[in-house]
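The structure appears below as structure tokens.
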Amino acid sequence: MLHLPPGYEAHRAKVPAAFADYRTTVLRHPKQPLKLLPHRLTELSGPVFGEDRLRPGDSDLTIANGGEALGQRILVHGRVVDGDRKPVPHALIEIWQANAGGRYRHTGDNWPAPLDPHFNGLGRCITDAEGRYSFTTIKPGPYPWRNHDNAWRPAHIHFSLFGTAFTQRLVTQMYFPDDPMFFQDPIYNAVPAEVRHRMVSIPDHDADVENWALAFRFDIVLRGQEASVFESEDDHDD
């Protein structure tokens, strides 16, 4: 079960809502302190996305619209665990990402990189009894954005985890090791330096598929001293 118990906030990495290097946060961050509202019956008994919402092939982003996506095939896998490293089973994970050319399939992305007709950039899966998940996808490309001069976002994949009520959702993103764009990415650098490694995947040569795909491991820790870096209502990303 994906819960946010008392004490969760005490361990999560403190990412500033307004970060001067990330220009849009100056305009859109909350101006007043957050107010925590108690969960009532509506929040606890509302609809929850679960296994019945999965379709065959949802965890494989490399096949779409009758063809195979262009780019470097990768396997992204890991475990979802709590603060005691106990597995979190039956959690719905969704990912979204740019294609190999660094372009998203949505109307707001209009930079002149080609769209891949066989890559939609969306996937979902359910963790198993041991909290394990796995996606087959392609490595996303970096892309330019208008935050500062010659600004490029590092390659990354967005993750969303859903809990047992529709108000329970955690969002983070996964980077790739040794990305040359880390030095100037304000989203990455807004996170305290001592915990940035929690957003970076680990090459997993033992899980590579020979002559077919490289593997990257990305574990998600919900709470505790090693908790992953999550976006909350007072944090933002693109």
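The values are calculated or read from the model by the stated rules, or taken from the named source; none is laboratory data. For clarity, every value in this text was computed on a predicted model and none was experimentally measured. Note: ideal-geometry Cβ built from the backbone for every residue, glycine included; neighbour counts use all protein chains shown. Areas reflect the complete protein model, heavy atoms only, side chains present, ligands, DNA and RNA absent. Shrake-Rupley method; radii C 1.70, N 1.55, O 1.52, S 1.80 Å.
Per the helix-only calculation at 222 nm, which mean residue ellipticity applies to the chain, given -39500 (n - 2.57) for every DSSP H run of n ≥ 4 and division by its residues, nearest 500 deg cm²/dmol? Rounded to the nearest 500, it is -1500 deg cm²/dmol.
Based on the alpha-carbon gyration tensor of region 138-212 and its eigenvalue square roots a ≥ b ≥ c, which shape applies: rounded if a/c is under 1.5, prolate if not and a/b is larger than b/c, or oblate? Note, shape of region 138-212 comes out oblate.
For the chain, the solvent-accessible area with a 1.4 angstrom probe is 55 square angstrom per residue. Peptides 203-210, 28-35, 62-69, ordered by how many other C-beta atoms sit within 10 Å of their residues on average, highest first, read 62-69, 203-210, 28-35.
In a reduced charge model with +1 at each Lys and Arg Cβ and -1 at each Asp and Glu Cβ, region 67-232 shows a dipole moment near 400 debye about its Cα centre. Among Thr137, Thr42, the sequence by solvent-accessible area, most first, with a 1.4 Å probe is Thr42, Thr137. Under the criterion of Cα pairs below 8 Å and six or more residues apart, the relative contact order for region 67-232 equals 28 percent. Taking amide H positions as modeled 1.01 Å from N, with prolines and chain starts lacking one, the residues under 5 Å from Gln173 and 5 or more places away or on another chain are Phe159.
Sorting the segments 15-22, 120-127, 103-110 by their mean number of nearby beta carbons within 10 angstrom, highest to lowest, gives 120-127, 15-22, 103-110. To put it simply, the accessible area of region 67-232 at a 1.4 Å probe is 53 percent carbon and sulfur.
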